[in-house]
Each structure stands twice: as structure tokens, then as C-alpha cells.
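The values are calculated or read from the model by the stated rules, or taken from the named source; none is laboratory data. Bear in mind the structure is a predicted one, so any value in this text is a computation, not a measurement. In this analysis, Cβ positions are derived from the backbone assuming ideal geometry, glycine residues included, and neighbour counts consider all displayed protein chains. Ligands, DNA and RNA are stripped out before the accessible areas are found, and what is left, the full protein with its side chains, is counted by its heavy atoms. Shrake-Rupley method; radii C 1.70, N 1.55, O 1.52, S 1.80 Å.
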Amino acid sequence: MSLLTDPLFLIAAALAALHLLRFAAAGESWPKTVTKTLSVLLLAVIALRAGAPVPLSLGLLLGALGDFCLSRPGQRMFLAGMAAFAAGHLAYLALFLGLGAGPPPLLPALALLIGGVAAALWIAPRAEGMVAPVRGYIAVIAAMTLAALGLRGAPMLVSGALVFVASDFVLALQRFVLAPGRAARAAAYLVWALYWPAQALILAGGLLP
């Protein structure tokens, strides 16, 4: 069955669209938490039902946990969400290595590393009380993306990893750099418009034979 005709996937996509339109830039609430978490948790259910590689299912489950934590108030929940996503990226790293990821192309790898260093030096110091965890997270997602760039013949996985990096970069800007206002609200919409498709791309790529 194609993902595009899978009822669970269609429900997940509808929840993701609802979250984008109604909750992406809204304050914390349980309806926001439910729509956000379920839209990714259902992707994990699809992976489990299909007998997908364990790291793929685990990465999606950890993403859903991270979404739950990030949708709740407080710095502790933010740190818990960041830890869940970091673990999810390690799961995706294991997935890509298991699929035969080799050395990444030089120029994309250099661009990624320069961007990671810039984020660690410019964005992380603005994360009051969370500088070390943010820098650790940057290192983990960079490693995951470098592994994705080393895949051959897996455009959906590579695209998913790159879009995931973009969503995390925008999230960091929203959280630590932008002042509350229109720009921050626009960033909140953009984060979700990038993030959920990234998870869907990784699911689709991971289910291919």
C-alpha cells in the first residue's frame, strides 16, 4: 500500500495540517500537544506495522516524544524534548549507517560543518543555561546529516535529513534569537512546515525496498 493511500498516513497528514493552521504559533495547550504528538506518533505506528528497520521506528517514536515535550511549558520540558530528538537523530544515524552510508560529498559536507560551527558559536551562546546541551544537539544532528549525505540512491532519506536540519535551524532562531512578534510567529509556522514533511520523507525513504 502506498503511503499516500494509507488511512493512517492520511490521518497523520490531516493532524499535521491542523497543527500548522491552528496551533503552530499558539501558546501551550493540550489540544496543541495532542495534534502535534499524534501526527508523528502515527508515522511511527505505520513504520512498526510495516516491519520497518528498528532505528526508523525508534527515531519516529522519539520524535513523537520530543514533540510532546516541546509542546509543554518550561525549560525542563524543552531540555527533555531536545534530548528525545537527539536520541532520535542517533537512531536515524544508525539507520543510515545500516543502509550503507559512505563518506559524504566534500562540498555539501563542508557547508554543513560550517553551518554547524556557526550555529554553535552564534546561536548556542544565546541559549541561557542551555549552551552545552544545544551545542551537543548541534553535533548530533550534524553527524546524522553527514551520514545521510553519504547515502547513494536514497533521495528521500537525504532530503528528509536536510529538511530536518533546516527546521531545527529555524526553531533555534525562533527560540533563542528572534524577539516575540511577527517574525517569531512566521518562524513557528515555518518550523512545522519543514519538520513534519521531513519526518514523512524519512519514513517513506526508510520503507523503500
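Residue count for segment 139-160 satisfying the condition of being outside any helix (DSSP H, G or I) and touching a Pro at 6+ places or on another chain (Cβ under 8 Å): 1.
Of the numbered criteria (1) open to solvent by 30 Å² or more (accessible area, probe 1.4 Å); (2) in contact with a Phe, Trp or Tyr (Cβ under 7 Å, 6 or more places away or on another chain); (3) of a type in the set (A, V, I, L, M), the one A86 fails is (1).
What residue, among those in segment 22-49 that are of a type in the set (G, A, S) and closer than 17 Å to Y189 by Cα, is surrounded by the most Cβ atoms within 10 Å (Cβ to Cβ)?
Filtering segment 22-49 down to residues of a type in the set (G, A, S) leaves 24-27, 29, 39, 44, 47.
Add one more test, that the residue is closer than 17 Å to Y189 by Cα, and what stays is 24-27, 29, 39.
Working: A24: 21, A25: 16, A26: 12, G27: 7, S29: 13, S39: 26.
Among residues in segment 22-49 that are of a type in the set (G, A, S) and closer than 17 Å to Y189 by Cα, the one surrounded by the most Cβ atoms within 10 Å (Cβ to Cβ) is S39.
From the list G81, G66, G100, exactly one residue is closer than 22 Å to P209 by Cα and either part of a loop (DSSP other than H, G, I, E, B) or modelled with pLDDT of 95 or more (or both). Which is it? Please lay out each step first, then the result.
Values: G81 fails: closer than 22 Å to P209 by Cα; G66 fails: closer than 22 Å to P209 by Cα.
The unique qualifying residue is G100.
Identify the single condition in (1) of a type in the set (D, E, K, R); (2) in a helix (DSSP H, G or I); (3) more than 25 Å from K36 (Cα to Cα) that R185 does not satisfy, given that it satisfies every other one. Status for R185: all satisfied but (3).
Count of segment 10-46 residues, restricted to those that are touching a residue at least 60 places away in the same chain (Cβ under 8 Å), assigned to a helix (DSSP H, G or I) and over 16 Å from the mean Cα position of the chain (by Cα), is 1. Just so you know, in segment 1-21 the residues that are of a type in the set (A, V, I, L, M, F, W, C) and within 16 Å of L208 (Cα to Cα) include one that is surrounded by the most Cβ atoms within 10 Å (Cβ to Cβ), and it is F9. Answer yes if at least one residue in segment 67-84 is closer than 17 Å to A16 by Cβ and of a type in the set (A, V, I, L, M, F, W, C), and no otherwise. Yes, there is a match, as at least one residue in segment 67-84 is closer than 17 Å to A16 by Cβ and of a type in the set (A, V, I, L, M, F, W, C).
Tallying residues that are more than 14 Å from F85 (Cα to Cα), hydrophobic (A, V, I, L, M, F, W, C) and open to solvent by less than 30 Å² (accessible area, probe 1.4 Å) within segment 129-157 yields 7. Return yes or no: is A166 in a helix (DSSP H, G or I), of a type in the set (A, V, I, L, M, F, W, C), under 10 Å from the mean Cα position of the chain (by Cα) and surrounded by fewer than 20 Cβ atoms within 10 Å (Cβ to Cβ)? So A166 fits the description; yes.
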